[in-house]
Amino acid sequence: MKNLSILGLVLIVLSLSSCNKYLDEKPDIKMVIPKTLEDATLLMNDYTTLNGGYPTYGEIGTDDYYLTAERWNALVNLDQRNSYVWADEPYVDALQWQRPYRTIFISNQVLEILGKLTKDQNSDAYKRNFGAALFYRAFAFQLLTELHCSAYVEATAQAELGIPLRLDAGIDDKSLRSSLKETYQQIIADFKNAAIYLPVVEPIRGRPFKASAYAGLARAFLNMGDFQQAYLYADSCLQLHAELMDYNMLKATDAYPVPRFNVEVLFSANPASAAPMAATTALMDPELVGSYAMHDLRKGIFYRVNTNPTGTYFYKGSYDKGAALFYGITNSEVYLIKAEAACRTNKIDIALLAINTLLKTRWNKEVAYIPVTENNADRLLKIILDERRKELVFRGRRWADLKRLNLDPRFQKTLIRTVGDQIYTLPPNSAKYAYRLSETVIRLADIPQNNR
């Protein structure tokens, strides 16, 4: 009997009955075969499934925080313990893989439903759902690729392992790993097509809109090192949606100062549970915390002082307004993409305008803002990258950034973990930057493990 792939097994655990107050009310449709435009809408409104459960191992492995030996030893999830120290050991938890592919399955299901409704193709609901399904599929593909694949290098991308590109809702087709080049081509194609169909304004919080797709493209091209395209799509996004929060309006004394679904959010997404990065577990990197200027409000908004150990800091700046981390896309990220891409393509004035537009909203208004004026491209790029790290801390970006920046000798960094008397290192361009796939996935899907 033909073995089902792990991607097919998502049907067994797929639950479509969740209801979220931020989206349309959704009845239980598990016992029927979805086939109508209304069914497609209900599937796309499953916020809990589509906007949550994204992989965490990469962010667990970043340099933005550390754990004491006691906190690390207290972790009960062996895979998360291993991911913290980049252990090249077999991983068994399939949920890091399964949950994004559940999103991909629902997206494919919706696309198949809509493909049969030719009479509805010109309706707003049809276009909105078609674009959303493409966006969710691209978003899930992208986060899986950032975790499990090597950094993108055009010359070798066709030979590098990508991920299985499931493009239909069939559950028993064999899974095959595409090349890294093919994987990014699919991500870009999905985001581009999503941008065609998505509305400029989306009234339901949590669902993507046209600017979200442009932002996804900007992020993808940045990962690929195609800075001209990254710049163009970041600019297109900001042409449609350029709002930034004024951090002077936030209360640093609040437990979680950043509002959920605030004006900067282009797409809201949350990762799976990450015990090492819990609000009272992860101790923030002192170099990072100390890098904020005196009148930069982000330090008070993002961190709170911890007394055990004395002088350390916890993170509280989630854009989900709570202990859950935020892995979505925001305008602040897009301004940083625009600034970096402009700087790398010698558009210095535009890079300065983009970075200063962002930083001014983070500055204490009682003190005159000191704009960035550096016009040397190399030095300005260093400033922009430093601001990118400070702005996007714990937002699911650091692992992908470390990976792509390691390709440039100017920005290579060796990561070091100290757990008791044991020291772990992750050198630049290590094969470990492509986290191993779960052995459960390897066994059930019969696909190759990452090269070592």
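The values are calculated or read from the model by the stated rules, or taken from the named source; none is laboratory data. None of these values were measured; they are calculated from a predicted model. In this analysis, Cβ positions are derived from the backbone assuming ideal geometry, glycine residues included, and neighbour counts consider all displayed protein chains. Just the protein is used for accessible areas: all its heavy atoms, side chains included, with ligands, DNA and RNA removed. Shrake-Rupley method; radii C 1.70, N 1.55, O 1.52, S 1.80 Å.
Remark on the range 341-398: hydrodynamic radius 12.1 angstrom, per the Kirkwood mean of 1/r across alpha carbon pairs.
Taking only the Cα atoms of the range 118-209, the radius of gyration and Dmax are 15.1, 44 Å. Only Lys, Arg, Asp and Glu carry charge here, each on its Cβ (+1 for the first two, -1 for the last two); on that basis the range 347-427 has a dipole of about 260 debye about its Cα centre. For the range 261-310, the calculated P(r), taken from all Cα-Cα distances in 10 Å bins from zero up to the bin holding the longest distance, is 18, 39, 38, 5 percent. Legend: Rg and Dmax of the chain, from Cα coordinates, 21.4, 71 Å.
Can you give the Kirkwood hydrodynamic radius for the range 366-452, in Å, rounded to one decimal and based on Cα pairs?
Numbers: mean 1/r = 0.0610 Å⁻¹.
Kirkwood hydrodynamic radius for the range 366-452: 16.4 Å.
Shown here is the pair-distance distribution of the range 233-354: with all Cα-Cα distances grouped in 5 Å bins from zero up to the longest one, the shares run 2, 10, 17, 19, 20, 16, 10, 5, 2, 0 percent. The alpha carbons of the range 161-296 stretch over 52, 37, 31 Å along the principal axes, in descending order. For the range 109-238, the dipole from Cβ point charges (+1 on Lys and Arg, -1 on Asp and Glu) about the Cα centre works out to 340 debye, to the nearest 20.
On the beta carbon distance between R443 and A155, with R0 = 51 Å, the FRET formula returns roughly 0.95.
Please give the per residue accessible area of the range 211-252, computed with a probe of 1.4 Å over protein heavy atoms only, in Å². List each step's numbers first, then the result.
Values: 1540 Å² over 42 residues.
Averaged over the residues of the range 211-252, the accessible area is 37 Å².
Rolling a 1.4 angstrom probe over the range 160-278 with all protein chains present gives an accessible area of which 53% lies on carbon and sulfur atoms.
Anisotropy class assigned to the range 179-235 is prolate, per the alpha carbon gyration tensor with a/c at or over the 1.5 cut-off and a/b larger than b/c. Here the range 297-452 was treated as a single set of alpha-carbon atoms; its pair distances binned every 5 Å from 0 give 1, 7, 12, 14, 17, 17, 13, 9, 5, 2, 1, 0, 0 percent.
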